[in-house]
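Here's the structure we're looking at; comments come further down.
The values are calculated or read from the model by the stated rules, or taken from the named source; none is laboratory data. None of these values were measured; they are calculated from a predicted model. Cβ placement follows ideal geometry from the backbone for every residue including glycine, while neighbour counts extend to all protein chains displayed.
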Amino acid sequence: MTSVMSTVETKPAAGAPMVELRGVHKFFGENHVLKGIDLSVGRGQVVALIGPSGSGKSTILRSINMLEQIEAGEIYVDGQRMGYRADAQGELHDLTEKQIAAQRRHIGMVFQRFNLFPHMTVIENIELSPKLTQRRHGPALRTEAMELLAKVGLSEKADAYPAQLSGGQQQRVAIARALALNPDLMLFDEPTSALDPELVGDVLHVIRDLAESGMTMLIVTHEIGFARTIADQVLFMDQGIIQEQGTPDEVIGHPKEQRTRDFLSKVL
Amino acid sequence: MLRKPTQRDGVDFIRSRPVRHLGRIIAAVVLIYLAVCLIDGMRTNSNYHWDVVGQYLFDVRIMRSLVWTLVLTVISMALGIVLAVILSLMRESRNPVNSSVANIWIWFFRGTPVYTQLLFWGLFAVLYPKFTLGLPFGGATFLSVDTQQFYNAAVAAILGLGLNESAYLAEIFRAGFQSIPKGQMEAADALGLPRRQAMWRIILPQAMRVIIPPTGNEAIGMLKTTSLVLAVPFTLEITYVTNAIANRLYLPIPLLLVAAIWYLLITSILMVGQYFLEKKFGKGVAV
Ligand SMILES: Nc1ncnc2c1ncn2[C@@H]1O[C@H](COP(=O)(O)OP(=O)(O)OP(=O)(O)O)[C@@H](O)[C@H]1O
Ligand SMILES: [Mg+2]
């Protein structure tokens, strides 16, 4: 595929996880935000990440696609070490900006605040990354972008500007935009927490469709009910540590840890 | 005046008498009276010498000076913009040498009068008669030319105006770039867009919205600042030329009017251009 692939370790076996974190630490100055995170998301799996504010959930997602740089540990996506390559002697080298951009193209990310490009129409937002990074254009690209837009139920909004859409519609466009490069993995950071309650349903519906289509997803959410029904695995996080993990029934239905119970009693 | 609709879809709209603002009406009447007096005064007062204004407005010397004024404005502004873009990039650099040089540059050119700078550039060829490229402390020399060969009053004027302008524009550009929320660059990064493309397609077009109005002001300011290049001395732009003619005729007023008319006309054209640029980059702004 890209030159990055060839320089990074061997391709994993088919059963290997899509995402794997090993002993990941992140500091913001003195603040130790991630304290040794190990997690893995299998291909086609949906993992929900829950936990109190400030526990480090967003930081995990942002570290995976290198919006934050970790201080220790290893992150693999589809078997590729993110951000570094090892030479023959096993010494690590930083990847160049170009190589990092190439790695990020395998990962779609959806933000709490949408972050659509306000000076472009909906369809321009969606077409931008295939246009610039795959040099694609013309009717074939347009058809594909319109298909994505149909998938999120917004075909009639192709020529609208983001400011003309409701929050829920903007977030669905953001999902379509993230899907435009056919990512192997989708990261969602509280995709519904900036929305009015009546708009949440449409967005969750789109995410659920994606899950059913077999997309690998890591979702940070405060919608516990949603996490319970959509996730294969739920991780409960507090103070920079994954405190408890298991199936939704185990973690949400029958939490073992006191912290988990305290948290769930507050949000449920 | 546009009349409000009185009904739509069979719904009668509220009809009411607006409040009368007596103060505003009086002020408007007084202003109209003063304006009429002023215009009539200008028309009838023979000291304005409108006939001389008409005679010189399209004089070939004036036309040539007008072209020079425009050339100075456009090239100095272009130089200022290019330098300001480089300065803004240098300031963001993580390398402290780059950011310090940019900051010192801006400190210097904002901190001294443009007139002083123009005098300096006028004396540049005296200060450095030979232009030599080589290693410092008496090392090897790669290139050596007489400064006179590429340096003249026009170059001095453009350097003086452009370098001074770059310092102001760099501040304007920085404010423009800082006005873009952090999430925009993050979204571009997350999509795997190369940095340059992200700057060019995402950040710059949005920053333009903030950058254009003050840059339009700067362009208009530049047009008028060209009247100072007499300090170099550069003597082909319109203020100097009209002044020279006026001194010969002993008629300062009509030639001041000639210059003022041309400055106003160009300023108006620049403002129209700014209006269209603002419209182009105003896309997608919430109304
Ligand atoms: N850019 C930053 N600079 C400094 N500290 C940061 C930064 N981003 C996050 N932090 C700190 O890192 C910790 C974890 O933040 P993070 O955003 O990952 O929490 P979160 O679990 O996503 O919380 P929330 O549910 O409120 O979104 C917090 O203490 C936060 O203050
Ligand atoms: Mg968060």
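Mind listing whichever residues of the range A:74-105 are part of a loop (DSSP other than H, G, I, E, B) and either over 30 Å from residue A:230 (Cβ atoms) or of a type in the set (Asp, Glu) (or both)?
A:78, A:87, A:88, A:89, A:90, A:91, A:95, A:96
Regarding residue A:158, is this residue surrounded by fewer than 22 Cβ atoms within 10 Å (Cβ to Cβ), among the hydrophobic types (A, V, I, L, M, F, W, C) and more than 16 Å from ligand 2 (Cβ to nearest atom)?
Working: surrounded by fewer than 22 Cβ atoms within 10 Å (Cβ to Cβ): yes; among the hydrophobic types (A, V, I, L, M, F, W, C): yes; more than 16 Å from ligand 2 (Cβ to nearest atom): yes.
Spelling it out, residue A:158 is indeed surrounded by fewer than 22 Cβ atoms within 10 Å (Cβ to Cβ), among the hydrophobic types (A, V, I, L, M, F, W, C) and more than 16 Å from ligand 2 (Cβ to nearest atom).
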Just need a number here: residues in the range A:229-250 that are free of Cβ contacts under 8 Å to residues at least 60 places away in the same chain and part of a helix (DSSP H, G or I).
3
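Can you give me the ranges of the helices (runs of 4 or more DSSP H) entirely in the range B:124-207 with at least 1 residues that are within 14 Å of another protein chain (Cβ to nearest Cβ), of a type in the set (A, V, I, L, M) and under 29 Å from residue A:186 (Cα atoms)?
Details: elements: B:153-178, B:182-190, B:195-198.
Of the helices (runs of 4 or more DSSP H) lying wholly inside the range B:124-207, those with at least 1 residues that are within 14 Å of another protein chain (Cβ to nearest Cβ), of a type in the set (A, V, I, L, M) and under 29 Å from residue A:186 (Cα atoms) span B:182-190, B:195-198.
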Can you pull out the residues in the range A:140-166 that are assigned to a helix (DSSP H, G or I) and within 13 Å of chain B (Cβ to nearest Cβ)?
A:162, A:163, A:164
Checking the condition within 16 Å of ligand 1 (Cβ to nearest atom) and of a type in the set (Ser, Thr, Tyr), which residue from A:40, A:55 passes?
A:55
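Is there a residue being over 29 Å from residue A:164 (Cα atoms) and either within 14 Å of chain A (Cβ to nearest Cβ) or not in a helix (DSSP H, G or I) (or both) anywhere in the range B:220-228? Working first, answer last.
Applying the first criterion (over 29 Å from residue A:164 (Cα atoms)) to the range B:220-228 yields B:220-228.
Within this subset, residues satisfying the condition of being either within 14 Å of chain A (Cβ to nearest Cβ) or not in a helix (DSSP H, G or I) (or both) are none.
No, the conditions are met nowhere in the range B:220-228.
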Would you pick out the residues in the range A:58-95 that are more than 13 Å from ligand 1 (Cβ to nearest atom), within 18 Å of residue A:217 (Cα to Cα) and not hydrophobic (A, V, I, L, M, F, W, C)?
A:65, A:76, A:78, A:79, A:80
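Within the range A:181-230, can you find the residues that are within 14 Å of chain B (Cβ to nearest Cβ) and in contact with a Leu (Cβ under 6 Å, 6 or more places away or on another chain)? Walk me through it before giving the result.
So the first thing to find is which residues in the range A:181-230 are within 14 Å of chain B (Cβ to nearest Cβ), and the list is A:181-191, A:194, A:218.
Once the filter is applied, which keeps residues that are within 14 Å of chain B (Cβ to nearest Cβ) and in contact with a Leu (Cβ under 6 Å, 6 or more places away or on another chain), the range A:181-230 yields A:187, A:189, A:218.
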Pick from the range A:175-199 the residues that are within 16 Å of ligand 1 (Cβ to nearest atom) and among the small types (Gly, Ala, Ser): which of them is surrounded by the fewest Cβ atoms within 10 Å (Cβ to Cβ)?
A:193
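State all residues of the range A:27-73 that are within 14 Å of ligand 2 (Cβ to nearest atom), outside any strand (DSSP E or B) and of a type in the set (A, V, I, L, M); if no residue qualifies, say none.
Here is the first cut: in the range A:27-73, the ones within 14 Å of ligand 2 (Cβ to nearest atom) are A:28, A:33-34, A:48-64, A:67-68.
Imposing the further condition that a residue be outside any strand (DSSP E or B) reduces the set to A:51-64, A:67-68.
If the condition is that a residue be within 14 Å of ligand 2 (Cβ to nearest atom), outside any strand (DSSP E or B) and of a type in the set (A, V, I, L, M), then A:60, A:61, A:64, A:67 are the ones that fit.
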Going by the structure shown, is residue B:26 part of a helix (DSSP H, G or I) and over 28 Å from residue B:220 (Cβ atoms)?
yes
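For residue A:124, are the conditions met, namely being modelled with pLDDT of 95 or more, within 12 Å of chain B (Cβ to nearest Cβ), assigned to a helix (DSSP H, G or I) and under 28 Å from residue B:280 (Cβ atoms)?
Working: modelled with pLDDT of 95 or more: yes; within 12 Å of chain B (Cβ to nearest Cβ): yes; assigned to a helix (DSSP H, G or I): yes; under 28 Å from residue B:280 (Cβ atoms): yes.
Yes: the conditions hold for residue A:124.
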Hey, can you tell me all the residues within the range A:64-112 that are free of Cβ contacts under 8 Å to residues at least 24 places away in the same chain and charged (D, E, K, R)?
A:87, A:91, A:94, A:97, A:98
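Those residues that are of a type in the set (A, V, I, L, M, F, W, C), surrounded by fewer than 22 Cβ atoms within 10 Å (Cβ to Cβ) and more than 16 Å from ligand 1 (Cβ to nearest atom), I need them from the range A:211-229; list them, please. Write out each step before concluding.
Filtering the range A:211-229 down to residues of a type in the set (A, V, I, L, M, F, W, C) leaves A:211, A:215, A:217-220, A:224, A:226-227.
Next, from what is left, pick out any that are surrounded by fewer than 22 Cβ atoms within 10 Å (Cβ to Cβ): A:211, A:215, A:224, A:226.
Across the range A:211-229, the qualifying residues are A:211, A:215.
Can you pull out every residue in the range A:75-117 that is more than 11 Å from chain B (Cβ to nearest Cβ) and β-branched (Val, Ile, Thr)? Full working, then the answer.
Within the range A:75-117, the first condition is being more than 11 Å from chain B (Cβ to nearest Cβ), and the residues that meet it are A:75-95.
Scanning the range A:75-117 gives A:75, A:77.
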